[in-house]
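Inspection log for the structure reproduced underneath, given as structure tokens.
The values are calculated or read from the model by the stated rules, or taken from the named source; none is laboratory data. Being a predicted model, the structure only gives us computed values, none of them experimental. Because the Cβ atoms are built from the backbone with ideal geometry, glycine has one as well, and the counts that use them run over all protein chains shown.
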Amino acid sequence: MKILSNFKDYYDIGLSYGIDENILYIRKKEFIDKSNNDIKNIMSYIPNRIPYGGYISRTCSTMDIQFNSYDVISFCGKLFPVINMSYVEDESIEKNCYNINHMDRFIKKHNFKFYKDTWIQREKNYHWGKNKTTYRCMRENFEKYYNSFLDINESMLFKFHHELDCPIFIVGNVHVPDDCTVNNKRGITKNPCLKDFNFAKEMDPYTAFQELSMFISGVLGGQTPKMIEIDDKTRLEKHGFDKKTSFRNM
């Protein structure tokens with residue numbers, strides 16, 4: 001696979017095994033705002049809401065654990081939900097969590113009190129207008145969010161990749177420094193840099209490179225630039241034929 005791009009990603013190491021000129025990946029990063037009508041079907045089909053209290057921004061800065069952003073990476077027709085968390089006292093300590101176990105370990109390590117009293121502690125949940133009270137914990141709601149991706153139809157994802165004409169896209173927010181309000185600018189990022197999301201812990205670079213090569217050649221058709229149609233006269237002249245000197249006119 002040959003990659004045309006103005007940035008490097010973690011799986012580029014796969015190029016060291018050789019380049020197949022017939023498979024071309026034009027890796028141009030592009031953001032499409034959620035207000036664009038062309039992507040509304042994708043935004044509505046792929047889950048992008050956190051069950052606990054709606055959007056994740058409502059739980060920001062809770063008990064020294066900050067939920068910064070939530071995104072969904074669609075890589076070659078497979079979905080990888082990722083939630084970025086950090087420790088309020090030291091924002092350099094952060095983690096991209098691809099499953100509920102990642103969240104468990106991060107919270108338990110950096111704030112055991114929050115883990116014990118809030119994360120796994122069941123709370124009463126009153127349903128107004130109904131004589132019903134249920135109990136839930138924050139962890140169960142995030143686990144429900146991760147599990148919601150298990151029933152996504154793969155053929156629909158292939159359709160979205162075709163519409164966007166790219167092997168990788170992210171449904172999520174534009175990351176703005178020092179701003180945990182993630183509802184303002186959400187949409188789709190085409191051809192993102194996966195190393196920014198620590199994607200290597202979900203897929204090693206060689207496997208990622210191979211998956212991309214097969215997906216681009218098999219599903220997207222190689223991303224080969226469109227051929228320019230040339231008329232017969234120009235084609236003949238290009239190959240050295242001329243009407244005045246050609247043996248056909250002698």
* To do: Quickly run through the stretch 1-29 and pick out the residues that are outside any loop (DSSP other than H, G, I, E, B), under 21 Å from the mean Cα position of the chain (by Cα) and either more than 24 Å from H162 (Cβ to Cβ) or modelled with pLDDT under 90 (or both).
  => Y10, D12, I13
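Inspect all residues belonging to the stretch 129-147 and state whether any of them is closer than 23 Å to E211 by Cβ and either modelled with pLDDT under 80 or under 18 Å from the mean Cα position of the chain (by Cα) (or both).
In the first step, residues of the stretch 129-147 are kept if they are closer than 23 Å to E211 by Cβ; the result is 146.
Then keep just the ones that are either modelled with pLDDT under 80 or under 18 Å from the mean Cα position of the chain (by Cα) (or both); that gives 146.
Within the stretch 129-147, one or more residues are closer than 23 Å to E211 by Cβ and either modelled with pLDDT under 80 or under 18 Å from the mean Cα position of the chain (by Cα) (or both).
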* **Flag if F209 is out of contact with any Lys or Arg (no Cβ under 8 Å at 6 or more places or on another chain), surrounded by 13 or more Cβ atoms within 10 Å (Cβ to Cβ) and either under 22 Å from G14 (Cβ atoms) or modelled with pLDDT of 85 or more (or both)** => yes
* Asked: Can you pull out the residues in the stretch 186-202 that are charged (D, E, K, R) and touching a residue at least 24 places away in the same chain (Cβ under 8 Å)?
  -> R186, K190, K195, K201, E202
* To do: Give me a count of the residues in the stretch 87-116 that are surrounded by 21 or more Cβ atoms within 10 Å (Cβ to Cβ), out of contact with any Phe, Trp or Tyr (no Cβ under 6 Å at 6 or more places or on another chain) and more than 30 Å from M156 (Cβ to Cβ).
  => 2
* Members of the stretch 89-106 found to be at pLDDT below 90, outside any strand (DSSP E or B) and within 27 Å of P47 (Cα to Cα), listed by number -> none
* Asked: Among the residues of the stretch 30-43, which ones are within 15 Å of the chain's Cα centre (by Cα) and part of a helix (DSSP H, G or I)?
  -> I39, I42, M43
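In the stretch 170-204, what count of residues is obtained for those that are among the hydrophobic types (A, V, I, L, M, F, W, C), at pLDDT 90 or above, buried (at least 16 other Cβ atoms within 10 Å of the Cβ) and over 11 Å from the mean Cα position of the chain (by Cα)? Break it down into steps so the answer makes sense when it comes.
Restricting attention to the stretch 170-204, the residues satisfying the condition of being among the hydrophobic types (A, V, I, L, M, F, W, C) are 170-171, 174, 176, 180, 182, 188, 193-194, 197, 199-200, 203.
Next, only the ones that are at pLDDT 90 or above stay: 170-171, 188, 193-194, 197, 199-200, 203.
Subsequent filtering for residues that are buried (at least 16 other Cβ atoms within 10 Å of the Cβ) retains 170-171, 188, 193-194, 197, 199, 203.
Among the residues that remain, those that are also over 11 Å from the mean Cα position of the chain (by Cα) are: 203.
Total meeting the criteria: 1.
For N84, indicate whether it is outside any helix (DSSP H, G or I), at pLDDT 85 or above, closer than 13 Å to N173 by Cβ and not hydroxyl-bearing (S, T, Y). If you could, list the steps in order and put the result at the bottom.
Numbers: outside any helix (DSSP H, G or I): yes; at pLDDT 85 or above: yes; closer than 13 Å to N173 by Cβ: yes; not hydroxyl-bearing (S, T, Y): yes.
Spelling it out, N84 is indeed outside any helix (DSSP H, G or I), at pLDDT 85 or above, closer than 13 Å to N173 by Cβ and not hydroxyl-bearing (S, T, Y).
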